[in-house]
Amino acid sequence: MARMSWKVLVTARAFEGATESEGWRMLEGAGCELVTTPLDLPLDHGELRELLPGLDALVAGSDDFSEATLRLPEASDLKFISRWGVGYDSIDVEVATELGIVVGYLPGYLDQAVADFAWALLLSVARGVTMGHEKVMAGQWETVWGHDVHHKTLGIIGCGRIGKEVARRATGFQMRVLGYDPAPTEAARELGVEYVSLEKLLAESDFISLNAAATEANRNLIDENALRQMKKTVCLVNTGRGSLIDEMSLACALREGWIGGAGLDAFVMEPLPTDHPLRSAPNILLTPHMAPMTHGTRAEVNVAVAQSILDLMAGKRPKLLVNPEVFKMPSLRVVMRGRQ
């Protein structure tokens, strides 16, 4: 029989900081013991090793769930990693599946907020909003000249759920929208996306939005060669994953004027090191991975995360899973209803 209550570690700050939220109350009301940590997040292998004993589940951020972590004896009770968000590149899903650990995530919940934020970055960089604000706050009254957005060309790299929402918003600006994706869809075409080669997109776009997944094939997709193919006035926006960009090459491109500007919300290393070259690059807007962080989205995601834990705790299969094949594994660590 499924155990009546679980010990749950919360490492996703968006959930941890919402102790009065419906999601938090759902877990407490079911008798779960919720554990938080004062350590800086995300947690590394050694920090997780100290916290894993006796844990049944995690509401996880981008913590180090590598093979070495998952195979720790201290993780022997772990049944479920529920990722607060969409990306799961910090989790070795293959090993988790082998060990019988269920991995959940929440595709679809963050799409609108992230697409909105991509446009916030694009417009801020294009029109010099942050630069204008800084001048006024410094006591200056100097015009900042920006670039038009309407009737320009937007290139979207990665035309999945979020990429399509970015494209939908381009309609109001009467833009030409180019898309690059190894798996084109009719849904994107219906939104006006014209699928082209990566080379054509780089050469013809006035604005480029990165919304691709963090795969090995996409690592450093935007490297020196790609940056040199872009227009000198292009604005590059990344609300996807930090690994999509060769950050050293981007810093160089901004300093030397290969491109016009950039707005970044995701980085290879987070928090971004204080001495990172991007911090001193010109014509750049940097934000601390906050694209999905709206009050409404947070409330919805917290409830969805909590419900997924309650479902599995009760022996029911959660709706959104990274590794549904785990339920066929003899090693499955949770007892499911109807399974002996």
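Before rounding to the nearest 500, sum -39500 (n - 2.57) across all DSSP H runs of length at least 4 in the chain and divide by the residue total; then give [θ] at 222 nm in deg cm²/dmol.
Numbers: 13 runs with 113 residues, N = 340.
The helix-only estimate for the chain comes to -9000 deg cm²/dmol at 222 nm.
Evaluating 6.51 cos²θ - 1.76 cosθ + 1.60 at θ = phi - 60° for every residue in the stretch 49-59, the Karplus couplings come out as 4, 6, 9, 6, x, x, 7, 9, 8, 10, 9 Hz, glycine and proline recorded as x.
If you place +1 on the Cβ of every Lys and Arg, -1 on the Cβ of every Asp and Glu, and leave all else neutral, what size is the dipole of the stretch 111-286 about its Cα centre, to the nearest 20 Debye?
In total the dipole reaches around 340 debye.
Each Cα pair under 8 Å and six or more residues apart adds its separation to the average, and for the stretch 111-286 the resulting relative contact order is 20 percent. So what is the relative contact order of the chain, in percent, for Cα pairs below 8 Å that sit 6 or more residues apart? About 20 percent, as a whole number.
Here the peptides 119-126, 288-295 are ranked by packing, the mean other Cβ count within 10 Å, and the order with the highest first is 119-126, 288-295. Oblate is the label for the stretch 201-289, because a/c, from the alpha-carbon gyration tensor with a ≥ b ≥ c as root eigenvalues, is 1.5 or above and a/b does not exceed b/c.
3J(HN,Hα) couplings calculated from phi for the stretch 193-205 with the Karplus curve 6.51 cos²θ - 1.76 cosθ + 1.60 (θ = phi - 60°) are, in sequence order, 6, 9, 6, 9, 5, 4, 4, 5, 4, 4, 6, 9, 7 Hz; Gly and Pro show x. Here the spin labels are modelled as points 7 Å beyond Cα on the Cα-Cβ line, and at Glu50 and Thr287 they lie 3.3 nm apart.
Peptide packing for 315-324, 275-284 was compared via the average number of neighbouring C-beta atoms within 10 Å per residue; ordered from the highest value, the list is 315-324, 275-284.
As a ratio to 2.2 N^0.38 Å, the alpha-carbon radius of gyration computed for the chain takes the value 1.08. Among Tyr109, Ala291, Met137, flag the residue with its Cα farthest along the positive direction of the charge dipole of the chain, charges on Cβ as +1 for Lys/Arg and -1 for Asp/Glu. Result: Tyr109, furthest along the dipole toward the positive end. Residues whose amide H comes within less than 5 Å of that of Arg83, counting only those at least five positions distant or on another chain, are Ala60, Gly104, Tyr105 (H built at 1.01 Å from N in the peptide plane).
The magnitude of the dipole of the chain, with charges of +1 and -1 set on the Cβ of Lys/Arg and Asp/Glu and taken from the Cα centre, is near 900 debye. Note on Phe65, Phe267: ascending count of other Cβ atoms within 10 Å places them as Phe267, Phe65, the fewest first. Cross-link reach is defined here as a Cα-Cα straight distance under 29 Å, omitting same-chain residues fewer than 8 places apart; for Lys164 the lysines meeting it are Lys152, Lys200, Lys231, Lys232, Lys319. Ranking Ala14, Val334, Leu236 by Cα position along the charge dipole of the chain, where only Lys, Arg, Asp and Glu carry charges on their C-beta atoms, puts Val334 farthest toward the positive end.
Distances between placed amide hydrogens fall under 5 Å for Glu33 paired with Trp6, Lys7, Val8, all partners being 5 or more residues away or on another chain. Using the Cβ-Cβ distance between Ser280 and Arg317 with R0 = 41 Å, the FRET efficiency computed as 1/(1 + (r/R0)^6) comes to roughly 0.25. Fewest neighbouring Cβ atoms within 10 Å first, the residues Lys328, Lys231 line up as Lys328, Lys231.
Cut-off is 10 Å between beta-carbons; in what order do Arg333, Arg83 appear when sorted fewest neighbours first?
Details: Arg333 16, Arg83 25.
Result, fewest neighbours first: Arg333, Arg83.
A Cβ-based charge dipole, computed about the Cα centre of the stretch 256-340 with Lys and Arg at +1 and Asp and Glu at -1, lands at about 820 debye.
Annotation: peptides 105-116, 182-193, ranked by per-residue average of other Cβ atoms within 10 Å with the highest first, follow the order 105-116, 182-193. A simple rule links phi to the HN-Hα coupling: the Karplus curve 6.51 cos²θ - 1.76 cosθ + 1.60 with θ = phi - 60°, which for the stretch 298-305 gives 4, 4, 5, 5, 4, 5, 5, 4 Hz, with x for Gly and Pro. Less than 5 angstrom separates the built amide H of Gly155 from those of Leu178, Asp206, Phe207, Ile208, Ser209, all sequence-distant by 5 or more or on a different chain.
Where a number appears in this text, it was derived from the coordinates with a stated rule and is not lab data. Keep in mind that what you see is a predicted model, and the values were worked out from it rather than measured. Heads up, the Cβs are rebuilt from the backbone with ideal geometry, glycines too, and the neighbour counts pull from every protein chain shown.
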